[in-house]
């Protein structure tokens, strides 16, 4: 098994590390809890290892650190967005949201990056402006903006 040299280390409020890890691994295929002890829970999200500390009382998370998920399509965006913003999570702008633990996520459809990378600057600008008006990213609306309709 290959070793991961750098592991993101998340500081949760006391007693929330395992709960958060189990919630996160339920979101993405290829995810699992690796180890649980009273201080630290280690888990993988889609193959990336993380550690979660039961901090006391915990440090608040900010948008200065976020987890970006590249989604294949709108149904994946909808499922992740709806799950992360439920039960105390909060929607943000331009595909950003905060989960019930305070961790920031970017739920980004692959199509957004493709459309923003458009060589025609007017089309890319329309996509960017459409994105700025969104909370959850709507791929169909981005495609309409790209087409100018």
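Since every read-out is calculated from the coordinates, none of them should be taken as a lab result. Note that this is a predicted model, so its numbers are computed, not measured. No Cβ is skipped: glycine too gets one built from the backbone with ideal geometry, and neighbour counts run over all protein chains shown.
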Sticking with the crude label model, points 7 Å out along Cα→Cβ, report the distance from residue 34 to residue 149 in nm, one decimal please.
4.8
How many angstrom separate the Cα center of the range 1-66 from the Cα center of the range 119-140?
32
DSSP-defined beta bridges in the chain - what % are antiparallel, rounded to 5:
60
By how many nm would the segment from residue 90 to residue 4 lengthen if fully extended, with 0.36 nm per residue of separation less the alpha-carbon distance?
27.8 nm
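May I ask you to work out the translational diffusion coefficient for the range 60-149 at 4 °C, viscosity 1.567 mPa s, via Stokes-Einstein with Rh from the Kirkwood sum over Cα pairs, reported in whole µm²/s?
My calculation gives 98 µm²/s for D.
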For labels at residue 110 and residue 122 in the simple 7 Å Cα→Cβ model, what's the distance in nm?
3.0
What FRET efficiency, computed as 1/(1 + (r/R0)^6) with R0 = 25 Å and r the Cβ-Cβ distance, is obtained for residue 63 and residue 129, rounded to the nearest 0.05?
0.70
I need the peptides 23-34, 41-52 ranked by packing, meaning the mean over residues of other C-beta atoms within 10 angstrom, with the highest value on top.
41-52, 23-34
Based on the alpha-carbon gyration tensor of the range 12-94 and its eigenvalue square roots a ≥ b ≥ c, which shape applies: rounded if a/c is under 1.5, prolate if not and a/b is larger than b/c, or oblate?
oblate
In degrees, nearest ten, helix 74-85 long axis to first principal axis of the chain (Cα):
50
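Quick check on the chain: helices-only [θ] at 222 nm, where DSSP H runs of length 4 and up contribute -39,500 (n - 2.57) each and the sum goes over total residues. Nearest 500, please. Numbers along the way, then the final one.
Numbers: 5 runs with 49 residues, N = 149.
Per the formula, -9500 deg cm²/dmol.
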